[in-house]
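Shown next, in structure tokens, is the structure this report addresses.
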Amino acid sequence: MKYVKKLEKPPRTTLKRTLVVFLGNAIGIALIGMFGLGVTVDYLDDIALLVIFISIINAILWPLLTRILLPFFVLTFGVGSLIINGLLLEIFAPLFNITIQGYAIILAPLSMAFVTTVLSALVTIDDDSAYYRSVLRDAKKKRKGEIKDYPGLIIIEIDGLAYDVLCEAIEKGYMPTVKALIENESHTLRKWETDLSSQTGASQAGILHGNNNDITAFRWIEKQNGNQMMQCSGVSKVKKIEERISDGNGLLADDGASRSNLFSGDTDNVIFTFSKILNLRKLYNKAWFSVFSNPSNFARIITLFIGEMGLEIISQIKHKVKDIRPRINRGIAYIPTRAATNVFMREINTYTLIGDMMIGDVDVAYSTYLGYDEIAHHSGVRDDDSWRALKGMDRQIKRLIEANRYCPREYLFVIQSDHGQTNGATFKQRYGESFEEFVKSLLPQDMHMFAKMSSNEDHYAESFLPFSKKNDDLVEEGEEQELGDSEVVVLASGNLAMIYLTQWSERLTYEEMNEFFPDLIPGIINNEYIGFIVVRSSQHGDMAIGKNGIYYLDSDEIEGENPLEGFGKNIARHIRRNSSFKYTPDILVNSFYDHEKDEVCAFEELVGSHGGAGGSQTEPFILYPSDWNISSDEIVGAESIYKILKGNLKKLKEDSIDDK
């Protein structure tokens with residue numbers, strides 16, 4: 001029973017914390033009354049009495065209400081908890097000569113949470129003890145049986161964080177918790193290398209299922225399937241991809257839990273997991289109790305959400321005033337998107353993981369934190385916004401490690417990323433026209449083109465609403481007909497672009513394309529912002545072609561200058577594998593990479609990008625327990641991460657058997 005701990009009880013809430021909560025709630029109600037928003041108060045001391053009374057009522061009733069109404073809270077994405085909280089205030093307020101009605105039913109709980117959050121920050125209180133106690137009480141009832149005698153594993157993915165950026169964040173003091181794990185030698189930090197497709201779809205398929213075959217890029221055309229367009233987003237498409245790659249032995253197949261991932265890892269214990277999100281039964285999960293265990297939890301999340309929106313507004317103004325470059329037009333719609341990824345999803349992940357740990361039944365949980373990746377796309381890899389996101393991420397890791405103290409079973413932690421990002425002005429900003437417009441200029445004018453250049457759904461920017469029609473197929477009204485009528489399709493995945501000539505049902509050869517479209521390949525290669533293209537020759541097999549040389553991939557011979565120089569020592573290996581996939585395009589295009597400036601140019605409008613080769617986008621990290629037996633050989637490909645994690649999970653169980 002080496003890993004079954006004597007349960008350490010969470011400490012009692014401090015007097016300081018109690019006073020802050022009391023003052024925050026009282027001031028919050030008073031503010032709503034002061035602004036005439038639905039609260040009527042005669043005497044301020046009545047508010048104090050109401051707050052004390054409601055605190056007692058919540059302590060008695062809220063756990064019961066949460067158990068009964070949890071499906072309602074979940075299906076309303078938390079708004080239901082605000083309504084119930086407000087209704088309790090409305091019902092009991094008249095006992096203290098206070099009236100709460102109308103919009104105040106929602107505004108009062110939000111105001112109470114807002115003031116409490118601000119006061120907690122001002123007096124530097126970071127006390128989750130009351131929350132831990134409430135979750136732990138419920139966890140004892142949910143635990144299925146005896147506490148397991150081997151450790152569980154929590155895998156935290158920080159989406160889009162490159163190894164070198166992590167090291168810089170640690171050096172700058174933004175991630176003290178991660179720094180402590182490395183310095184006390186409990187964990188080992190390693191760099192690993194993605195496949196050619198350096199994006200979440202390919203990486204998570206490899207990590208969670210051990211198989212990312214035929215995932216050419218974020219989005220691709222399947223000529224063999226009637227020119228169907230597939231992509232690593234959209235609930236129906238992701239479901240279909242998982243069916244293709246899964247063999248039932250995913251990373252999370254045995255007592256696993258998936259939290260905010262693209263794929264499930266073959267578990268049914270899922271929350272916000274795209275491949276299974278269409279199943280409403282799977283949307284409701286008892287792990288949500290840890291989110292709503294305290295009546296103020298969700299109101300606090302909404303408060304932080306609104307605060308994050310404010311930070312984004314300030315950031316957009318700051319970038320324009322200071323003329324920070326490269327810069328894109330983020331727009332109004334991005335403001336709530338940033339808050340959703342960097343606050344809402346972040347908090348849901350942490351709360352539910354803590355619940356999983358305190359129950360102790362889950363052997364392995366995998367959770368993706370999306371905030372940094374989303375912000376780096378729009379603000380830049382090393383922008384102040386991005387550093388702030390990493391600072392907030394470090395606090396989540398600290399909360400999880402702190403919660404481990406109160407869990408009956410020990411949990412180990414792995415922190416990793418699925419890819420990095422590389423900065424740079426976009427192709428359109430540099431060249432003056434979009435890549436699809438450039439390609440069209442090299443083809444006969446009467447050819448019908450379909451282009452889909454945004455791949456940011458990979459990062460939930462356009463796909464956060466899981467049940468919208470747009471999200472499901474990512475083809476807007478009229479585009480499906482346009483795709484069907486097209487003779488050439490151009491797609492983008494960061495600084496990687498795909499060109500499909502869809503009049504032909506098979507992949508065209510280099511010789512055929514030169515015969516049919518003599519200006520196309522020379523025009524692309526000679527563009528100053530293109531690094532190399534990949535085509536298949538009937539005479540030489542796969543070739544990577546640059547401005548001044550050709551790399552014959554089948555024979556490993558180079559003619560002239562090496563077009564792959566500067567893209568990593570394994571780049572030829574990655575291209576060979578990608579070119580063997582079923583749906584590799586007729587022409588695969590990778591942008592240039594400026595080593596001195598550490599810049600690429602994305603074919604979509606993003607500041608920080610990933611999806612192809614060049615710079616830190618292909619260099620994520622893994623931070624794992626130092627006593628794990630892992631080869632010192634370089635870690636190449638997402639499937640290698642699956643093998644590392646799956647192998648060590650198996651060993652944790654085997655070691656517990658040997659100890660008996």
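Some values worked out for this structure:
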{"item": "Whichever residue in segment 561-606 is more than 30 Å from Gly331 (Cβ to Cβ) and of a type in the set (Asp, Glu) and, among such residues, is most open to solvent (accessible area, probe 1.4 Å)", "result": "Glu596"}
{"item": "Check on Ile301, among the β-branched types (Val, Ile, Thr) and assigned to a loop (DSSP other than H, G, I, E, B)", "result": "no"}
{"item": "Any hit, segment 271-286, residues being surrounded by fewer than 17 Cβ atoms within 10 Å (Cβ to Cβ), part of a loop (DSSP other than H, G, I, E, B) and either at pLDDT 95 or above or not aliphatic (A, V, I, L, M) (or both)", "result": "yes"}
{"item": "Any chance Phe263 is open to solvent by 20 Å² or more (accessible area, probe 1.4 Å) and either assigned to a helix (DSSP H, G or I) or in contact (Cβ under 8 Å) with a residue 24 or more places away in the chain (or both)", "result": "no"}
{"item": "Residue list for segment 452-503, restricted to those being modelled with pLDDT of 55 or more and of a type in the set (Lys, Arg)", "result": "Lys452"}
{"item": "Per-region count, segment 517-534, residues hydrophobic (A, V, I, L, M, F, W, C), out of contact with any helix residue (DSSP H, G or I) (no Cβ under 8 Å at 6 or more places or on another chain) and touching a residue at least 60 places away in the same chain (Cβ under 8 Å)", "result": "1"}
{"item": "Residue in segment 125-136 that is more than 30 Å from Ala253 (Cβ to Cβ), of a type in the set (Val, Ile, Thr), within 28 Å of the chain's Cα centre (by Cα) and buried (at least 21 other Cβ atoms within 10 Å of the Cβ) present", "result": "no"}
{"item": "Test result for Glu157, under 30 Å from the mean Cα position of the chain (by Cα), within 30 Å of Arg388 (Cβ to Cβ) and surrounded by 18 or more Cβ atoms within 10 Å (Cβ to Cβ)", "result": "yes"}
{"item": "Inter-residue pairs, beta-carbon under 8 Å, first at positive phi and in segment 34-58, second open to solvent by 80 Å² or more (accessible area, probe 1.4 Å) and not aliphatic (A, V, I, L, M), 6+ apart", "result": "Gly38/Gln101; Gly38/Tyr103"}
{"item": "Some residue of segment 617-626 being under 17 Å from Asn213 (Cα atoms), surrounded by fewer than 16 Cβ atoms within 10 Å (Cβ to Cβ) and modelled with pLDDT of 95 or more", "result": "no"}
{"item": "Close pairs (6 angstrom Cβ cut-off, 6 or more residues apart or separate chains): among the small types (Gly, Ala, Ser) in segment 209-229, open to solvent by 40 Å² or more (accessible area, probe 1.4 Å) anywhere", "result": "Gly210/Glu639"}
{"item": "Segment 361-373, residues that are buried (at least 24 other Cβ atoms within 10 Å of the Cβ) and more than 12 Å from the chain's Cα centre (by Cα)", "result": "Val364, Ala365"}
{"item": "Segment 409-438, residues that are open to solvent by 10 Å² or more (accessible area, probe 1.4 Å) and closer than 30 Å to Asp138 by Cβ", "result": "Glu410, Leu412, Phe413"}
{"item": "Filter result for Leu208 (touching a strand residue (DSSP E or B) at 6+ places or on another chain (Cβ under 6 Å) and crowded, with 19+ Cβ neighbours inside 10 Å)", "result": "no"}
{"item": "Residues (part of a loop (DSSP other than H, G, I, E, B) and acidic (Asp, Glu)) located in segment 610-644", "result": "Glu619, Asp627, Asp633, Glu634"}
{"item": "Strands (runs of 3 or more DSSP E) fully within segment 137-232 counting 2 or more residues that are at pLDDT below 95", "result": "228-231"}
{"item": "Members of segment 246-258 that are closer than 16 Å to Phe274 by Cα and open to solvent by 10 Å² or more (accessible area, probe 1.4 Å)", "result": "Ser246"}
{"item": "Selection count where residues are under 16 Å from Ser579 (Cβ atoms) and open to solvent by 40 Å² or more (accessible area, probe 1.4 Å), scope segment 515-536", "result": "1"}
{"item": "Top-ranked residue of segment 80-99 - restricted to ones that are in contact (Cβ under 8 Å) with a residue 12 or more places away in the chain and open to solvent by 40 Å² or more (accessible area, probe 1.4 Å), ranked as nearest to Asn279 (Cα to Cα)", "result": "Ile83"}
{"item": "Where Asp149 falls short, out of the listed (1) among the charged types (D, E, K, R); (2) surrounded by fewer than 20 Cβ atoms within 10 Å (Cβ to Cβ); (3) within 26 Å of Phe621 (Cα to Cα); (4) touching a strand residue (DSSP E or B) at 6+ places or on another chain (Cβ under 7 Å)", "result": "(3)"}
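The rows are residues; the columns are (1) open to solvent by less than 10 Å² (accessible area, probe 1.4 Å); (2) among the small types (Gly, Ala, Ser); (3) at pLDDT 95 or above.
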{"site": "Met309", "(1), (2), (3)": "no, no, yes"}
{"site": "Lys320", "(1), (2), (3)": "no, no, yes"}
{"site": "Arg330", "(1), (2), (3)": "no, no, no"}
{"site": "Ala333", "(1), (2), (3)": "no, yes, no"}
{"site": "Thr337", "(1), (2), (3)": "no, no, no"}
{"site": "Ile354", "(1), (2), (3)": "yes, no, no"}
{"site": "His378", "(1), (2), (3)": "no, no, yes"}
{"site": "Trp387", "(1), (2), (3)": "no, no, yes"}
{"site": "Lys391", "(1), (2), (3)": "no, no, yes"}
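For every residue, the table says whether it meets (1) in contact with a helix residue (DSSP H, G or I) (Cβ under 7 Å, 6 or more places away or on another chain); (2) of a type outside the set (Asp, Glu).
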{"position": "Glu479", "(1), (2)": "no, no"}
{"position": "Thr509", "(1), (2)": "no, yes"}
{"position": "Arg536", "(1), (2)": "yes, yes"}
{"position": "Gly549", "(1), (2)": "no, yes"}
{"position": "Ser555", "(1), (2)": "no, yes"}
{"position": "Leu564", "(1), (2)": "yes, yes"}
{"position": "Lys569", "(1), (2)": "no, yes"}
{"position": "Arg577", "(1), (2)": "no, yes"}
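The values are calculated or read from the model by the stated rules, or taken from the named source; none is laboratory data. The structure presented is a predicted model; accordingly, all values stated were derived computationally and were not measured. Cβ: placed from backbone, ideal geometry, glycine included. Neighbour counts: every protein chain shown. When the accessible area is computed, the model is the full protein with side chains, heavy atoms only, and any ligands, DNA or RNA have been set aside. Shrake-Rupley method; radii C 1.70, N 1.55, O 1.52, S 1.80 Å.
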